[in-house]
Amino acid sequence: MPGSLQNPLLQYLARLAPSSQLTMKYVLQDAADRLGFEDADIADIPWHLLEPGYITSLVAALRADGYAPNTSSLYVNAIRGVMNEAWRLGLISQDQLMRIRSVKPGQGTRLPSGRNLKRTLIRELMAVCAADPRPQGLRDAAVIALLYGTGMRKSESVNLDLAQIDFAERSLHVLGKGNKQLIKYAPTWAFDTLNAWLAFRRAQLPEGQGDDSFLFNRIRRGSHITRERITKHAIYYIARQRGQQVGVKIMPHDFRRSFITRVIEEHDLSIAQKLAHHSNIQTTANYDMRDDNERRRAVDRFDC
């Protein structure tokens, strides 16, 4: 433990959420491999000895391998995070830190990934859940309703507890990205779907046993509702399985993309930013998934 207090990489990872730790460990391991440390544990690498030229070479290698600019930024920011800790620990000077920070990641943009799930498709997803006689049908419908109806992230949905929900106000107090406490709102139909799942779950409990503190349970084969909280991996499985049933490939984040796109369509970018809880409005704009036909129609209305 004392050694970890003087290790900039371990100190950097300790500041991150568990899910982010896994991502950054992978990124830093790949960066280390590209920098010539293939056989070393990333915790043993002398990160504080890196010079700006190493990072410039890393950015060039990522670009040559076809990595998107956002991915290049992820690599550079991970190394900057480690170097920030090295500076806090007195392992490098402020001048060296500034020179490291001066290295820019790859420039450019890519078209947004994912898809916009139209209302008709959401209805189809809810219909296939309703047709499923197993407990998974009610649970998956409630998961989809909250993801699409609030725009929350999958990690926020799996961590939800009953105590965080105000059923009268139709609001949810969630712990969001960056350890931020957020209030999200859901439409009536989403809460109706959630209440149907919770009522069914409670009805299955043996007499005298209290309800679970969390929202969504893991369900084993044989329709056995466990007393265990659902995982993020299960959210991926639900999105993929229900998407296959309607003939569409769906990722969990598509529900958030679709929520933000719909708010932009029906209201404006400013309201979408507030509901998405983005600090930068450009981040919200990047979620706009309206298709080319809608853009063409907007242009066609400009008469001379």
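Would you compute, from DSSP H runs of 4+ residues alone, the mean residue ellipticity of the chain at 222 nm, taking -39500 (n - 2.57) per run and dividing by the full residue count, rounded to the nearest 500? Walk me through the numbers before you get to the answer.
Numbers: 14 runs with 165 residues, N = 304.
Taken over the chain, the calculation gives -17000 deg cm²/dmol.
Taking chymotrypsin sites (Phe, Trp or Tyr not before Pro) across the range 162-221, the ones in a DSSP loop with at most 15 further Cβ atoms lying within 10 angstrom of their Cβ are PHE167. Set Lys and Arg Cβ to +1 and Asp and Glu Cβ to -1, take the dipole of the chain about its Cα centre, and tell me which of LEU58, LEU121, LEU9 lies farthest positive. Farthest along the dipole direction, towards plus: LEU121.
Per-residue packing, averaged as other Cβ atoms within 10 Å, sorts the ranges 143-149, 115-121, 64-70 into the order 143-149, 115-121, 64-70, beginning with the highest. Percent of C-alpha pairs per 10 Å bin in the range 119-291, short distances first: 10, 39, 36, 13, 2, 0.
Distance from the Cα centroid of the range 75-101 to that of the range 221-248 is 42 Å (rounded to whole angstrom). Which part of the range 264-285 falls in the paramagnetic zone of ILE183, meaning amide N under 15 Å from the point 7 Å along Cα-to-beta-carbon? Only 274-277 pass the distance filter. Note on the chain: percent of Cα-Cα distances in each 20 Å bin, starting at 0 and stopping at the bin with the largest distance, equals 27, 49, 24, 1. Normalised by 2.2 N^0.38 Å, where N is the number of residues, the C-alpha radius of gyration of the range 37-149 stands at 1.71.
A DSSP coil position with no more than 15 other Cβ atoms inside 10 Å describes the following GluC sites (Glu not before Pro) in the range 102-207: GLU169, GLU207.
In loop segments of the range 178-269 as defined by DSSP, the trypsin sites (Lys or Arg not before Pro) with at most 12 further C-beta atoms inside 10 Å of their C-beta are ARG221, LYS249.
Given R0 = 25 Å, the distance between the Cβ atoms of ALA61 and TYR236 translates into a calculated FRET efficiency of 0.25.
With each label modelled as a point 7 angstrom along the Cα→C-beta vector, the SER213-GLN245 pair spans 3.1 nm.
Filter the DSSP H helices in the chain by two things, a Kyte-Doolittle mean of at least -0.5 and an axial alpha-carbon span of 15 angstrom or more, and list the hits by number. For the chain, where a helix must reach 15 Å along its axis and average at least -0.5, the hits are 52-64, 69-88, 119-130, 135-150, 188-203. If only the Cβ of Lys and Arg carry +1 and only the Cβ of Asp and Glu carry -1, the dipole of the range 119-291 around its Cα centre is close to 580 debye.
Legend: translational diffusion of the range 4-101 by Stokes-Einstein, Rh = Kirkwood radius over C-alpha pairs, 10 °C, 1.306 mPa s; D = 117 µm²/s. Label zone (LYS274, point 7 Å along Cα-to-C-beta; backbone nitrogen cut-off 18 Å) within the range 142-160: 150-152.
Our estimate of slack between GLN204 and PHE167, defined as 0.36 nm per intervening residue step minus the Cα-Cα distance, is 11.2 nm.
Here the range 135-209 and the range 35-70 have alpha carbon centers that stand 41 Å from each other. Computed over Cα pairs, the Kirkwood radius of the range 215-269 leads via Stokes-Einstein (0.692 mPa s, 37 °C) to a diffusion coefficient of 250 µm² per second.
No value in this document is a laboratory result; all are computed from the given coordinates. The shown structure was predicted, so the numbers you read here are calculated from the model rather than taken from an experiment. As a convention, Cβ positions derive from the backbone with ideal geometry for all residues, glycine included, and neighbour counts pool all protein chains shown.
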